[in-house]
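Q: This structure is in structure tokens; I'll ask about it shortly.
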Amino acid sequence: MLSVAPEPTSEDLDLLFGALADATRRSIVERLAVGEATVTELAAPFSISLPAISRHLKVLERASLITRSRQGRWRHARLSPTSLAGAATWLSLQERLWTERLDRLDDHLARLTPEQPTEPESQDRDQER
């Protein structure tokens, strides 16, 4: 069965892009793309405290980029790619829109500017001598 993610709202996109605006959070998302990890594992490459990593994880969770669970005394985080798919859809629509607009601008400018044959620079210099 094909599952289609609902189109993200403006608020969803604000949370998503806000969460991804921070380099530490982008690194965490990249790490979670490899697989589930504990908070301690996620904190290892950074020189910041565990509470600071937890705050980053809360931002990512609020943006629906990750889910967190508890197994015994360990807190695990897992990437939730659905919201990334929504952002990719939005970005794709924007790319298509701007490509069409720029193509129309190119066409318009081509109609305004008559094409004149250009000679290579070396021939121009030879004629001046």
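The values are calculated or read from the model by the stated rules, or taken from the named source; none is laboratory data. All figures in this text were calculated on a predicted structure; none of them were measured in a lab. Here the Cβ is made from the backbone with ideal geometry for all residues, glycine too, and neighbour counts use every protein chain on show.
Q: Any idea how many residues of the stretch 15-47 are surrounded by fewer than 19 Cβ atoms within 10 Å (Cβ to Cβ), outside any loop (DSSP other than H, G, I, E, B) and of a type outside the set (A, V, I, L, M, F, W, C)?
A: Residues flagged as surrounded by fewer than 19 Cβ atoms within 10 Å (Cβ to Cβ), outside any loop (DSSP other than H, G, I, E, B) and of a type outside the set (A, V, I, L, M, F, W, C) within the stretch 15-47 amount to 9.
Q: Taking only the stretch 21-49 into account, find how many residues are of a type in the set (A, V, I, L, M) and in contact (Cβ under 8 Å) with a residue 24 or more places away in the chain. Break it down stepwise before answering.
A: Going residue by residue through the stretch 21-49, those that are of a type in the set (A, V, I, L, M) are 21, 23, 28-29, 32-34, 37, 39, 42-44, 48.
From what is left, the residues that are in contact (Cβ under 8 Å) with a residue 24 or more places away in the chain are 28-29, 32-33, 37, 39, 42, 48.
Total meeting the criteria: 8.
Q: How many residues are more than 16 Å from Ala88 (Cα to Cα) and in contact with a helix residue (DSSP H, G or I) (Cβ under 8 Å, 6 or more places away or on another chain) if we restrict to the stretch 7-40?
A: The qualifying residues number 9.
Q: Here is a follow-up. Could you tell me which of the residues Ile66, Ile48, Ile53 is of a type in the set (A, V, I, L, M) and touching a Lys or Arg at 6+ places or on another chain (Cβ under 8 Å)?
A: Working: Ile48 fails: touching a Lys or Arg at 6+ places or on another chain (Cβ under 8 Å); Ile53 fails: touching a Lys or Arg at 6+ places or on another chain (Cβ under 8 Å).
From the options Ile66, Ile48, Ile53, the qualifying one is Ile66.
Q: Among Leu105, Leu93, Leu109, which is the only one that is modelled with pLDDT of 90 or more and loosely packed, with under 10 Cβ neighbours inside 10 Å? Write out each step before concluding.
A: Details: Leu105 fails: loosely packed, with under 10 Cβ neighbours inside 10 Å; Leu93 fails: loosely packed, with under 10 Cβ neighbours inside 10 Å.
Of Leu105, Leu93, Leu109, the one residue that is modelled with pLDDT of 90 or more and loosely packed, with under 10 Cβ neighbours inside 10 Å is Leu109.
Q: Still on this structure, please answer the following. Do we find that Thr67 is farther than 19 Å from Glu7 by Cα, among the polar types (S, T, N, Q), without any contact (Cβ under 8 Å) to a residue 60 or more places away in the chain and touching an Asp or Glu at 6+ places or on another chain (Cβ under 8 Å) in this structure? Before the answer, list the steps.
A: Numbers: farther than 19 Å from Glu7 by Cα: yes; among the polar types (S, T, N, Q): yes; without any contact (Cβ under 8 Å) to a residue 60 or more places away in the chain: yes; touching an Asp or Glu at 6+ places or on another chain (Cβ under 8 Å): yes.
Considered against the rule, which asks whether it is farther than 19 Å from Glu7 by Cα, among the polar types (S, T, N, Q), without any contact (Cβ under 8 Å) to a residue 60 or more places away in the chain and touching an Asp or Glu at 6+ places or on another chain (Cβ under 8 Å), Thr67 comes out as yes.
Q: Here's something else I'd like to know. Search the stretch 48-75 for residues being of a type in the set (Gly, Ala, Ser), part of a loop (DSSP other than H, G, I, E, B) and over 22 Å from the mean Cα position of the chain (by Cα), and hand back the single one that is surrounded by the fewest Cβ atoms within 10 Å (Cβ to Cβ).
A: Gly72
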